[in-house]
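The values are calculated or read from the model by the stated rules, or taken from the named source; none is laboratory data. These figures come from a predicted structure and were not determined experimentally. Neighbour counts run over all protein chains shown; Cβ positions are idealised from the backbone, glycine included.
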Amino acid sequence: MSTIVAISTAPGNAGIGIIRLSGEECFNILDKIFVPKNKGDIKGYSIKYGNIVKSDTKEIIDEVLVSYFVAPKSYTRENMCEINSHGGIVVENQILQECIKNGAILAEAGEFTKRAFLNGRIDLSQAEAVIDIINSKTEKEMFVAQRHLEGSLSKKIKEIQQEILDIMADIEASIDYPEYDIEETTNFKINRMLKSVEEKLNKLRDSFENGKILKEGIKTAIVGKPNVGKSSLLNLILGENRAIVSNVEGTTRDTIEEYINIRGIPLKIIDTAGIRKTEDEVEQIGVKKSIDNINNAELIIAIFDDSRAFDKQDEEVLDLIKNKNTIVLINKVDLNKNLVKNNSEIRKMKKDIIEFSTVNEKGLDELYKKIENMFQLNEIYCDNSEVITNNRQKQHILLAIDSINKAKNSIENNMPIDITAICLKNILEELSEITGENASEDIINEIFKKFCLGK
């Protein structure tokens, strides 16, 4: 393979920047551009101090530390080095260009981790865990991803595969030696194994609902007519002035999306445009987006203004949230107008209703508690059990369960045992897709496209 290079740190001014090289020519390229203060043999897991220079003029670019990793004891199982320079776009790019000029090629997104997978250091589920760690929004999500990176999911999959492989020997014997009439005994063992495997795969499948919440969060739309306090609520929850707050109706014309953390679970909060009929073309687009978000949200926080009389715009909001997972906030109760909170139209909705004030934060703790109870957030544990957060992995588990059912049907219908064997092989293949042993090149490429450069 060619020697690749990329800037691994985020662009912008920073204390340090890291330029990473991996490949057979890694150290040869480094020799042309790095002048260490102390010469000596290259040793793995060591750091040298010196200067990166231009290979043609020997002009110093930057004072650096270089980390050495000798194959196979590196992230990619290839020769690797990491140049720790001062942070900044100019200096990092100059070092990058010197590496390319002297034989390296620019790495593709995720290519370092892809090489770690292709060279057998990690499997595909562990590679996916790397990007999950990078994208983690909460400690719980990071914890699950870290367990997967350590190989906990891979180990569980291999245990299930071994159960199937252990029984395959009996099946082969039954096929090869039919005269011994051991098929009935073999079918008993297969049924016992299928029950065990099905229970384990069902548990993994069922964990996806919690895993999806951990990874993607609960999509939550804040809705209401203009000027009821939607943007004020978003700012209160975030603890910053993220959305513009104004007495002018129609200030929010587009959706604003942010994540917050409740009990280690992310909520994707979407502040929407006020719902009303309007002649303003731009505001109409915002209202349409608001309605789309109501239809797609897993949770709706509907706000009504207690200082203004209930009107047709409020009625329209009520119509939109019927049969939706909703918490109703009666906002501005600090003004003591009491024009909405006892409204019969709202009360008959039988939704969770909270008297609220974005000014003095009345009702905020109650809102969090209702969300916790509604989604049973306190029951989402990830310490001692495997949690699937990846839809690709879930789909292969579902296909494996389908093959289990086909295997059970083949036995119940007294079909030849080699038909059952085909079903078992299909289960093995689906599980191998999760770890990457059986994954196609297109799938592998698609997964690593999601990575950032330099990882």
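Looking at residue 44, is it free of Cβ contacts under 8 Å to residues at least 12 places away in the same chain, of a type in the set (Gly, Ala, Ser) and surrounded by fewer than 18 Cβ atoms within 10 Å (Cβ to Cβ)?
On the way: free of Cβ contacts under 8 Å to residues at least 12 places away in the same chain: no; of a type in the set (Gly, Ala, Ser): yes; surrounded by fewer than 18 Cβ atoms within 10 Å (Cβ to Cβ): yes.
So residue 44 does not fit the description; no.
How about region 19-47: which of its residues are small (Gly, Ala, Ser) and out of contact with any Phe, Trp or Tyr (no Cβ under 7 Å at 6 or more places or on another chain)?
Within region 19-47, 23, 40 meet the criteria.
So that you can scan it fast, the table gives a plain yes or no per residue for (1) in a loop (DSSP other than H, G, I, E, B); (2) modelled with pLDDT under 95; (3) within 27 Å of residue 135 (Cα to Cα); (4) of a type outside the set (A, V, I, L, M, F, W, C):
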position: 29; (1), (2), (3), (4): no, no, no, no
position: 51; (1), (2), (3), (4): no, no, no, yes
position: 55; (1), (2), (3), (4): yes, yes, no, yes
position: 65; (1), (2), (3), (4): no, no, no, no
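Restricting to region 208-236, name every residue that is within 30 Å of residue 153 (Cβ to Cβ) and part of a loop (DSSP other than H, G, I, E, B). Before the answer, list the steps.
Taking region 208-236 as the starting set, the residues that turn out to be within 30 Å of residue 153 (Cβ to Cβ) are 208-220.
Hit for region 208-236 is 217, nothing else.
Looking at this structure, is residue 101 over 16 Å from residue 9 (Cα atoms), among the charged types (D, E, K, R) and touching a residue at least 60 places away in the same chain (Cβ under 8 Å)? Can you show your working first?
Details: over 16 Å from residue 9 (Cα atoms): yes; among the charged types (D, E, K, R): yes; touching a residue at least 60 places away in the same chain (Cβ under 8 Å): no.
Answer is no for this residue.
Suppose the filter is in a helix (DSSP H, G or I), in contact with a Leu (Cβ under 8 Å, 6 or more places away or on another chain) and crowded, with 19+ Cβ neighbours inside 10 Å; does residue 397 pass it? First the steps, then the outcome.
Details: in a helix (DSSP H, G or I): yes; in contact with a Leu (Cβ under 8 Å, 6 or more places away or on another chain): yes; crowded, with 19+ Cβ neighbours inside 10 Å: yes.
Judged against the criteria, residue 397 is a match.
Would you check which residues across region 382-394 are surrounded by fewer than 21 Cβ atoms within 10 Å (Cβ to Cβ) and part of a helix (DSSP H, G or I) and list them?
Within region 382-394, 391, 392, 394 qualify.
How many of the residues making up region 342-369 are touching a strand residue (DSSP E or B) at 6+ places or on another chain (Cβ under 7 Å) and under 30 Å from residue 147 (Cβ atoms)?
1
Of all residues being touching a helix residue (DSSP H, G or I) at 6+ places or on another chain (Cβ under 9 Å) and free of Cβ contacts under 8 Å to residues at least 40 places away in the same chain in region 149-158, which is surrounded by the fewest Cβ atoms within 10 Å (Cβ to Cβ)? Just the residue, please.
150
If you scan region 326-363, which residues turn out to be surrounded by fewer than 14 Cβ atoms within 10 Å (Cβ to Cβ) and not polar (S, T, N, Q)? Give the steps one after another, and end with the answer.
In the first step, residues of region 326-363 are kept if they are surrounded by fewer than 14 Cβ atoms within 10 Å (Cβ to Cβ); the result is 336, 338, 342, 344-345, 347-348, 350, 360-361.
Passing the criteria: 345, 347, 348, 350, 361.
Can you run down the residue pairs with Cβ atoms below 8 Å, 6 or more apart or on separate chains, where the first is in region 2-25 and under 13 Å from residue 82 (Cβ atoms) and the partner is assigned to a strand (DSSP E or B) and among the basic types (Lys, Arg)?
5/20; 6/20; 7/20; 8/20
Testing residue 92 on (1) surrounded by 23 or more Cβ atoms within 10 Å (Cβ to Cβ); (2) acidic (Asp, Glu); (3) over 16 Å from residue 51 (Cβ atoms), one condition comes back false. Which one is that?
(3)
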